[in-house]
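The values are calculated or read from the model by the stated rules, or taken from the named source; none is laboratory data. Computed from a prediction, not measured in an experiment: that's the story for all the values here. Note that each Cβ is placed from the backbone with ideal geometry, even for glycine, and that neighbours are counted across all protein chains shown.
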Amino acid sequence: MIQKISTLEAVVTKVITGLVLGAALVVEFIHTQPVLGADLRTSNQPIPLIVDDDGSQDGLIALAYMLQNPKFQVKAITISHGMAHPQIFGEKLLKALNRLDVPEIPVGVGSEVSLAGSNAFPEVWRADADSFYTPYVPSLTEIPRGTVDERNAAQLIIDTVEQSSQPVAILATGSLTNIAQALRQEPSIVNKIATVEIMGGAINVEGNLTFHTDPILAQNKVAEFNIWADPVAAQEVFSSGLPIFLTSLDATNQIAFTAADRDAWKAVGTPESILASQLMDYSLEVVAGGVENPVQVWDLVAAINLSESSFCNEVPLHLEVVTNTAPSETQGQTVKVNGLPSNVNVCLNASFNNISFSTHEVFKSKTVPEPVTVFGSLAFSTLLAVRELIKCKKQSQRT
């Protein structure tokens with residue numbers, strides 16, 4: 001183990017030396033103390049976060065998790081098209097933020113359509129999102145916590161990144177339209193984005209578009225909804241040079257949540273945990289078909305993967321997206337291409353056995369910050385080496 005750590009340290013040192021010439025910078029935070037690079041933040045500063053979501057029930061659970069997570073401070077919420085209609089959902093979300101009693105957070109709405117094509121979620125699903133999942137979530141009668149931001153989602157992303165004193169993390173749990181539009185408008189923001197955690201894609205497993213209510217679209221067995229919703233945007237984001245971590249269906253398929261988890265979250269009694277339990281009611285009854293059945297909470301798995309560096313061992317891959325705008329059996333597929341440099345780090349296997357809390361305890365976790373944060377443009381192989389180095393150090397400490 002000591003030899004493995006020494007080898008990795010040598011690799012990391014060598015690569016970082018080269019990257020310094022290119023003005024790249026890596027910072028590893030272990031118990032909030034930097035080991036590599038300069039100390040760009042104090043120990044009591046959480047990582048600034050943008051949550052870019054499409055109004056899904058699991059995306060809201062992920063948002064609730066991040067709002068109560070001491071490692072992050074949600075600086076902006078942007079709504080992409082997908083489960084909800086952005087404008088309708090943005091207005092409802094502002095009322096929900098009042099219910100959660102969180103400080104005012106800018107909420108920006110994105111385009112109602114994708115960059116190209118006309119892919120859309122089933123309207124019956126979108127109606128549930130537009131209602132904010134009533135009656136499972138009690139009707140929102142609160143005064144909105146502010147108004148929908150006059151800036152569109154892409155501009156809000158740009159401004160939040162540019163005005164931040166620290167590099168910003170992004171959790172993307174819907175279509176990637178807003179992020180792609182922001183990159184088109186201001187490509188330089190790549191250098192101030194620490195990491196982008198995306199829930200999306202299917203690499204070695206079947207996609208989930210087979211659940212679409214349109215029988216023609218449901219013939220597509222390889223695409224995942226978030227990537228399929230705007231394949232052109234996904235391809236542009238994958239090709240942007242951003243440090244991307246993708247939590248794919250390969251990983252989310254392995255983790256199921258149950259009515260017992262819902263009950264445990266409700267018992268915590270915080271506004272965030274109560275909302276999450278109500279959304280789990282919807283997930284169990286509507287998505288899983290009954291409380292006796294387990295259910296995937298896809299976006300929550302991605303959020304935990306962003307928060308907990310040990311949750312998943314990512315694999316560096318080069319991914320391309322099938323971007324044809326006409327419906328087909330492969331539209332929106334995430335294709336693994338061998339022989340090309342990796343552009344995405346993909347979570348294929350995630351497990352609660354790797355971290356300090358269980359599915360029951362998601363809304364109890366108040367762990368010490370331990371994320372890996374990347375500043376500036378960085379080769380993915382280096383980031384993975386740093387992550388592996390951290391894990392090796394932890395294992396050596398346990399043994």
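So the values come out like this:
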quantity	calculated
Residue in the range 358-370 that is over 16 Å from Leu300 (Cβ atoms), modelled with pLDDT under 90 and in contact with a Lys or Arg (Cβ under 6 Å, 6 or more places away or on another chain) present	yes
Test result for Leu171, in contact with a Gly (Cβ under 6 Å, 6 or more places away or on another chain), at negative phi and either in a helix (DSSP H, G or I) or touching a residue at least 40 places away in the same chain (Cβ under 8 Å) (or both)	no
Selection status of Glu162, within 24 Å of Gly117 (Cβ to Cβ), charged (D, E, K, R) and in contact with a Lys or Arg (Cβ under 8 Å, 6 or more places away or on another chain)	no
Pair list, Cβ under 9 Å, 6 or more apart: the range 318-347 residue on the phi > 0 side of the Ramachandran plot, other residue among the β-branched types (Val, Ile, Thr) and not in a loop (DSSP other than H, G, I, E, B)	Gly332/Ile227; Gly332/Val321
Flag for Gly269 being closer than 26 Å to Val291 by Cα and at pLDDT 95 or above	yes
Looking only at the range 140-187, and only at residues there that are over 22 Å from Pro103 (Cα atoms) and more than 18 Å from the chain's Cα centre (by Cα), the one that is surrounded by the fewest Cβ atoms within 10 Å (Cβ to Cβ)	Pro187
Check on Val237, surrounded by fewer than 23 Cβ atoms within 10 Å (Cβ to Cβ) and at negative phi	no
Total residues in the range 194-229, condition in a loop (DSSP other than H, G, I, E, B) and free of Cβ contacts under 8 Å to residues at least 12 places away in the same chain	1
Flag if Ile189 is within 30 Å of Val344 (Cα to Cα), part of a helix (DSSP H, G or I), β-branched (Val, Ile, Thr) and modelled with pLDDT of 95 or more	yes
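Residue by residue, here is whether (1) modelled with pLDDT under 95; (2) buried (at least 18 other Cβ atoms within 10 Å of the Cβ); (3) of a type outside the set (Asp, Glu) holds:
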position: Phe211; (1), (2), (3): yes, no, yes
position: Asp230; (1), (2), (3): no, yes, no
position: Asn253; (1), (2), (3): no, no, yes
position: Trp265; (1), (2), (3): no, yes, yes
position: Gln278; (1), (2), (3): no, yes, yes
